[in-house]
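J.: Could you have a look at this structure, given as structure tokens, before my questions?
The values are calculated or read from the model by the stated rules, or taken from the named source; none is laboratory data. Remember, it's a predicted structure, so these values are computed and weren't measured experimentally. Glycine also receives a Cβ, built like all others from the backbone with ideal geometry; neighbour counts cover every protein chain displayed.
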Amino acid sequence: MSETLEVLFGSKAKTRILRCFLLNPETEFSATQLAKKNMLTPLQVRKELNVLKKIRFVNQKNRRKQNVYSLNNDFHFCAELKSLFAKSNSHPQSKNLSKIKMIGDVRLVLISGIFLNYSKGKVDMILVINNVDRAKLKKFMSALEAEIGREVGFVLMNTDEFKYRLDMLDRFLIDFLEGPYSEIVNKIPGLKRFVMGLRK
């Protein structure tokens, strides 16, 4: 879905910056913050900001001798664009999600929240991974957040902790499993049957 928007809007840089402003409508960003958050070069960010200022998509202010930018909520197509980008995140066809298998012995990946446009979700992902590579996990999350334009809330545990919390009917875990979610990886025997029992 992200690739479709990149073609539609002409570049990855423009798509990521638009998404970042639209999904964080009350936040002010410096050009440096935009570059870091969206994994873009300062040159790419400056180029897109100049275009977006011309059409009044963003507001520019000076704070402490630094220019900061925020979404102009009065922009004519603001509501339509917010809906479009929310919809683009509500399908688990993220390029970066497929790379999660490289960060350890991945047993379970469930997504909800921002990925399914479910505002009541307490977290966006539940990860059950044994022998996790922390450096690779950090790199993975940074790339994922740059792609979808928002910070991703996640819970990480190993198989033993997950099974223990499931056996104890941990409220947080049960609430997540009772709500809408999608499976990216599921190597936990009997989990689908357990969830079906919860939803009867």
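J.: With a cut-off of at least 2 residues that are at pLDDT 90 or above, name the helices (runs of 4 or more DSSP H) lying wholly within the range 1-87.
T.: Hits in the range 1-87: 12-23, 31-38, 42-54.
J.: Let me ask something additional. Could you list, in sequence order, all residues of the range 165-184 that are part of a loop (DSSP other than H, G, I, E, B) and free of Cβ contacts under 8 Å to residues at least 24 places away in the same chain?
T.: MET168, LEU169, ASP170
J.: Could you tell me whether LEU166 is aliphatic (A, V, I, L, M), surrounded by 13 or more Cβ atoms within 10 Å (Cβ to Cβ) and within 23 Å of PHE115 (Cα to Cα)?
T.: no
J.: For ALA146, are the conditions met, namely being within 23 Å of the chain's Cα centre (by Cα), farther than 26 Å from ILE17 by Cβ and either exposed (fewer than 12 other Cβ atoms within 10 Å of the Cβ) or among the small types (Gly, Ala, Ser) (or both)?
T.: So ALA146 fails the test.
J.: Could we say that LEU144 is under 26 Å from THR15 (Cα atoms) and outside any loop (DSSP other than H, G, I, E, B) here?
T.: Answer is yes for this residue.
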